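> After the structure tokens below, expect a handful of questions from me.
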Amino acid sequence: MTFVPTGLTADLAEGTMRGVEVGGEGVLVANVAGTFYAIARKCPHMGFDLAKGALEGARVTCRMHDASFDLATGEAVEKAKLLFLKTRPKPVRTYPVRVVDGAITVEV
Ligand code: FES
């Protein structure tokens, strides 16, 4: 496992996120009040890109069916809503993050 640079902290403002490719994997990197998190971009419900979702505090909500995930644990904190069904997706994968000399690095 290697920590791979994904960008500069100065380029990711607090309360924002972006999707990146790290080692061939789609990763969402977020800045929550100066703490950086990384999770898989692919929603574990039906695969929508979580980087196109909404960031609120330390959770990201998928635009497709409104499931929300805790960035620290990857656990689903809100169920996906599809017609009249509500289902709790599996946790999304989380990645270790380190800031090194102003760069956000993610271990893949
Ligand atoms: S694809 Fe993300 S909640 Fe359904």
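A short reminder: the numbers here are calculations on the coordinates, not readings from a lab. On a predicted model such as this, the values are computed, not experimentally measured, just so you know. Cβ coordinates were reconstructed from backbone atoms using ideal geometry, including for glycine residues, and neighbour counts include every protein chain displayed.
> Looking at the chain from every direction and averaging, what is the projected area of its Cα convex hull in nm²?
Details: hull surface 24.5 nm².
Taking a quarter of the hull surface, the average projection is 6.1 nm².
> So what's the net charge close to P96: Lys and Arg +1, Asp and Glu -1, counting the other residues with Cβ under 15 Å from its Cβ?
Working: positive: R93, R98; negative: E25, E107.
With Lys, Arg at +1 and Asp, Glu at -1, the neighbours total 0.
> If you average the alpha carbon positions of segment 1-15 and of segment 38-108, how far apart do those two centres end up, in angstrom?
17
> With a sphere of radius 15 Å drawn around the Cβ of K81, what net charge do the other residues whose Cβ falls strictly inside it have (Lys, Arg +1; Asp, Glu -1)?
Values: positive: R63, K79, K86, R88; negative: D66, E78.
Cβ neighbours under 15 Å give a net charge of +2.
> Short version: ³J(HN,Hα) in whole Hz for each residue of segment 75-87, in order, from phi by Karplus 6.51 cos²θ - 1.76 cosθ + 1.60 (θ = phi - 60°), x for Gly and Pro, what are they?
5, 6, 9, 9, 6, 6, 10, 10, 6, 9, 9, 10, 10
> Next up: Where Lys and Arg each count +1 and Asp and Glu each count -1, what net charge lies around R18 among other residues with Cβ under 12 Å from its Cβ? Before the final figure, lay out each step's value.
Details: positive: R41, K52; negative: D11, E21, D49.
With Lys, Arg at +1 and Asp, Glu at -1, the neighbours total -1.
> Here's something else I'd like to know. Using only alpha carbon pairs under 8 Å that are at least six residues apart, calculate the relative contact order of the chain and give it in whole percent.
Details: 251 pairs, mean separation 30.6, N = 108.
Contact order relative to length: 28 percent.
> Taking the highest mean first, how do the peptides 72-83, 41-52, 24-35 order by number of other beta carbon atoms within 10 angstrom per residue?
41-52, 24-35, 72-83
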